[in-house]
1. Ranked by Cβ crowding within 10 angstrom, fewest neighbours first, how are B:Phe290, A:Phe215 ordered?
2. Going by amide H atoms built from the backbone, whose H comes under 5 Å of the H on B:Thr85, apart from near neighbours?
3. If each of B:Thr173 and B:Asn471 carries a label point 7 Å out from its Cα toward its Cβ, how far apart are those two points in nm?
4. Output the DSSP H helices from chain A with an along-axis C-alpha extent of no less than 27 Å and a mean Kyte-Doolittle hydropathy no less than 1.6.
5. How high is the relative contact order of chain A, in percent, counting Cα pairs under 8 Å that sit 6 or more residues apart?
6. State the dimensionless ratio Rg/Rh of the protein assembly as shown (Rg: radius of gyration of Cα atoms; Rh: Kirkwood radius).
7. From the mean inverse distance of alpha carbon pairs (Kirkwood) and the Cα radius of gyration, derive Rg over Rh for region A:1-56.
8. Counting only C-alpha contacts under 8 Å and six or more residues apart, can you give the relative contact order of region B:14-113 as a whole percent?
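What follows draws every value from the coordinates through simple rules; no lab data is involved. What you see is a predicted model; the values in this text were computed from it and never measured. Don't worry about glycine lacking a Cβ; one is built from the backbone with ideal geometry, like all the others, and counts go over all protein chains shown.
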Amino acid sequence: MNIKKILPQLLTLLVVILIFGFFSYNAQVNMENRGITFGYGFLSQESSFDVQFSLIEYDGSHSYFRAYLVGLLNTILVSVIGIIFATIIGVIVGIARLSNNYLIERSASVYVEFFRNIPLLLQIFFWYFAALRALPLPQDTEPMFGVFFLTIKGFFVPAFVWNNLDIFIYSIIAAIISIIFIRIYAKRKQENEGVQTPVLSISIGLLLILPILSFLFGGVDASVEVPVIKQLSQSGFTYEGGIKLPPELISLALALSLYTATFIAECVRAGVQGVSKGQKEAAASIGLTPNQVLKLVVMPQALRIIIPPTTNQYLNLTKNSSLAAAIAYPDLVLVFAGTALMQTGRAIEIVSITMLTYLSLSISISIFMNWYNKKIAIKEK
Amino acid sequence: MSKLNFLQPDKNNLNTYLYTGVILVAFSIFIVFLNSFFNKDIVSFLPGPISFFLPLILGFIGLHLIRIDYSGLKFLDKVNKNINTNNFNAFLSLLIVFVVIKSLPPLLSWFIIDANIAGDSKDVCTGSGACWTYIKIWFNRFMYGMYPNPEQWRINLSFIALAFLGCVGFFATEKFKKYLTLYYVVVYPIIAFFFIFFFISGGPIFFDFSYGIIAAVISIILGFFIPSKFKMYYFIIVPITLYILLKYVFFYEELIELGKLEALEWVETGAWGGLSLTFIVSFFCLIFCFPIGLFLSLGRRSDFPIIKYISIGMIEFWRGVPLITVLFMSSVMFPMFLPEDMFIDKLVRVIIAISLFEAAYVAEVIRGGLQALPRGQYDAAKSLGMGYWKMHILVILPQALKLVIPGIANTFLALVKDTPLIFVVGLLEIVGMLNLAKTNPEWLGFAMEGYVFASVLFFIICYAMSKYSYNLEQKYKTER
């Protein structure tokens, strides 16, 4: 080891340690002056604040940890909704951008250019403060299909009331497991004998038949609860029954999915374009039908290009969902890094927990993606 | 004349098919046009669903009739090839045309016909359209935030001066071309920094700045008479000496007096805002995040394990957290890490936070470029006896950066689009100003106009940036 190699490293290390030491010394002094002790014990204290929208039971008498869970679940909820819609829109628009129809291609690119170049926060504000505020009051709302009510106070949809819901869920899980086995079997059969099994139709059939069987024989029973208008005061109306989706959730999910869809569309386009023409021609020349070409040759190669950046976009969407704080959707940042921080004043603990949550989420996904990329990478000799 | 088969149009009866088809398509568009622009339904005598779908059906048949391969008519072939290749495409094309025609009148009336722009109070906005008066009245605020009106020339002047200085590269003669990189990377940011922090912010520090300007001007003028051999030392020593002389020996009292006469009013950063703040924040973050990102990416590929892992930790940390929590950290957690008597301005903290955040993304983009270079480039540079820094500055980075222009442009675009987030710490750039104006009791109910206005502005800025990066990419594209 020569000195030229060790010295720069030692210096860097020294600088980093000095900075960290400086910060932690100051933090200690500051906290001493303010009479705060560092620690995570406050998580079990009673939170005494309310959250207006939560997936699990929560009120002021629960602990701060419970409030953290409420925020985390709300973040996950809006991210999952956003990811589903962004994927659907993104794939459609991405394929539309490859269309040989001039009008379709143009409209898709106008959409992409427009929504991509406007800040997400502005879009969220637009939907929340401008577009959704133009909706009618509950008492003036025309029902959509008789059961959906889109009002200024939120979107009211009918809810299912289940009997023996667990059996229904088991039937779906059973269907999914058997589909996985059938896929493995079909793949092995194709590799050994070259015979293709119609996996898709079998899977759809299973997914339909098993739940239906559970209805017929498992004692599963579902009824629909339609929201009904109810008068609160002289001019205040609301709907009761069913599920209420608050406008914050709608505008956030809408903005997130429309914004992220533009990036996913670009990923899809790049992926399909990335498959060389020769591959399609070669596949066609050995007698595969156009559908088979798409399924067996183009899609597997395109997905290899599409999936990694798309996962990145999913991650971005999840991180962007923290903008919820701007429109008071009670996500992790608003509930925990906002309200809980104001109440307890424990800036270091709370901000570090919030950051660690996001950090562990994205690091675990990126580790998974690295593994996946290695697995699907073309193994060249 | 051969037999007419309407299910399979062919070239033999071209004219018949063409005329029938074109008339049908034109008629269907005409129906929709009348319906949407003049609110007239000329087919209302038909039963409901049929009259609703009639234009679609007619247009569909028409498009089917004119779908003739190799017709010999250039225009027809072009139409068929682009919007009318098969039934499904024809259907989608018609749908898009109809949707555009349908949505034009409401948009036109909202944006232009029923909109108001005259007058200077809310009362003039009586139409059903947009109230551009609102934008007109608040325009100053949207551009400059709470910056005092009589002082706004300072922002304008700084931006004009900086834009002018930024364009120097286009007018530079061959002789100065080689210094351009140095100018843009070192000199220009420093000038910009002085302008913004001492001129826009104003206050007593500005006088210091004025000594500096005087010293620089005098030394540049004198510099013409110095032999080039000594220029290097001259430009380091003389300005500093002059500065010290000016400040402490000659004009100290006089300049203070002079300064007091026309002192620039000090404007605290809390009052800055609007679009100008968007520009200031994105400009500085852009300048700072690039070198930090460059060093991080080099560090990540370094052979020294300690430097490598520190860089990886930095990059992965900033990339893993949302910007809003970083800003939260800079506003509520960071003050805890500083000595009690030390105070860093809100704007500076925000700029540092965003720069570090975006630097991690820039680092990953540049790393992509570094990895894309073949090993041979490194080996060749080393075999010429180049050291680490020489190799990177002369051989590796010019090629790697060229490769990653689109990626860096995307990161910069993301940066510009992220600036509205500074509302978290209470700084109101244009989106924040919109939200403030929206809650003004005299101007309630104009949220839509404000957001549309800001969207258009951001769209223009970001779209121009992305087009410029595309041009840059084309310009520096080299065959590999």
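1. Final ranking by Cβ density, sparse to dense: A:Phe215, B:Phe290.
2. Sorted by chain and number, the residues that satisfy this are B:Ala90.
3. Rounded to a tenth, the inter-label distance reads 2.6 nm.
4. Membrane-span-like by this rule: A:64-97.
5. In percent, rounded to a whole number, it is 23.
6. Looking at the protein assembly as shown, the ratio lands at 0.99.
7. 1.34
8. 31 percent
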